[in-house]
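Readers should treat all values here as calculations from the given coordinates under stated rules, not as data from a laboratory. Because the structure is a prediction, the values reported are computed rather than measured. Reconstructed Cβ throughout: ideal geometry from the backbone, glycine too, with neighbour counts over all protein chains shown.
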């Protein structure tokens, strides 16, 4: 039986088949005449030579329903900037490359994904031409134009104001460790300590809250402050909670073989977890909870129990589907994550 369950505070639009993507793209092309869509590609210079980005450019070349593409970049020098301009000049859409290393705000975060997204959103909001704005990570090796069309369709045609993609994060094994072993049990730990809170229930409604692929109206994009670093996605969801009625928010199922660059849990992913935890606690303080060190200590203790349950569930899921599962490595990841709380 196809998964059509609706749980949590937001609408879930599952991927039930692949026969309709052409119809979705045709409908988007019609609506684009009245409601132009801009795509933001936050990108680092090191991705310019990656097969993933080359593939993304090739796929996007057929997306006639995208009016404009903003490639918002950092890590550039004059030579790599020229290469970026040449690469994206291949696209038939109006395309601009923003070089965000050159004029960072003195009191702002260092150049990175958050800065790249913020610069693009500010530009599009000020110009006012794009009615809809979407973002797409540039390290997705299995990107399909149809997935982006599915993500944008609810905002363009179904009157949702914000849509977030989700995907299984399973290929030859279970991935998504920061979501699976850190963020989900951390949110449950917060509920265990603070009780149900509207923000926590909202965040728990998302199947993959750290997804980098979103679509929204220009008005929503203009209203959202943008967190820096790895806190971008969780910070954005917390601000969506404050600016958008949950009935106008949806999550959209993507390809089952979605795959992007994987990173080691004991270094990059542990740092990611630390930034996410800090941002989450900052957002909870803004909601009137998590105002003491005792709260954070209590959540850290509750995380031990919730992460053990998450580890058990992951092991059972892997075994039921004959997937390899390195329990020692997974447990080490949990310990690395716990140290960042």
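Computed quantities for the displayed model
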| quantity | calculated |
| --- | --- |
| Space enclosed by the convex hull of the alpha-carbon atoms of region 282-341, per residue, Å³ | 91 |
| Overall dimensions of region 11-339 by Cα: Rg and Dmax, Å | 19.7, 55 |
| Segments 86-92, 149-155, 116-122 sorted - mean Cβ within 10 Å per residue, highest first | 149-155, 116-122, 86-92 |
| Packing-based exposure ordering (other Cβ within 10 Å, fewest first) of 69, 276 | 69, 276 |
| Exposure proxy order (Cβ contacts within 10 Å, fewest to most) of 143, 160 | 160, 143 |
| Tensor-based shape of region 183-341 (alpha-carbon gyration tensor, a/c under 1.5 rounded, otherwise prolate or oblate) | oblate |
| Order by protection proxy (mean Cβ within 10 Å, highest first), peptides 27-34, 279-286 | 279-286, 27-34 |
| For the chain, share of DSSP beta bridges that run antiparallel, in % to the nearest 5 | 25 |
| Distance histogram in 5 Å bins (all Cα pairs of region 151-240, percent per bin) | 3, 12, 20, 23, 20, 14, 7, 2, 0 |
| MRE, 222 nm, helices only [DSSP H, n ≥ 4, -39500 (n - 2.57), over the chain, to nearest 500] | -14500 deg cm²/dmol |
| Principal-axis tilt of helix 327-339 within the chain, Cα atoms, nearest 10 degrees | 90 |
| Angle between the chain longest axis and helix 270-286 axis [Cα atoms, degrees, rounded to 10] | 90 |
| Relative frequency of Cα-Cα separations exceeding 13 Å in region 177-227, percent | 66 |
| Fewest-first sequence of 319, 330 by Cβ atoms within 10 Å of each Cβ | 319, 330 |
| Hull volume in cubic angstrom per residue (convex hull over the Cα atoms of region 1-117) | 171 |
| Stokes-Einstein D (µm²/s) once Rh is taken as the Kirkwood radius of region 105-167 over alpha-carbon pairs, at 20 °C in 1.002 mPa s | 156 |
| Computed over region 117-213: relative contact order in percent, which uses C-alpha pairs under 8 Å that are six or more apart | 32 |
| The chain: angle of helix 293-320 to the longest principal axis, Cα-based, in degrees nearest 10 | 80 |
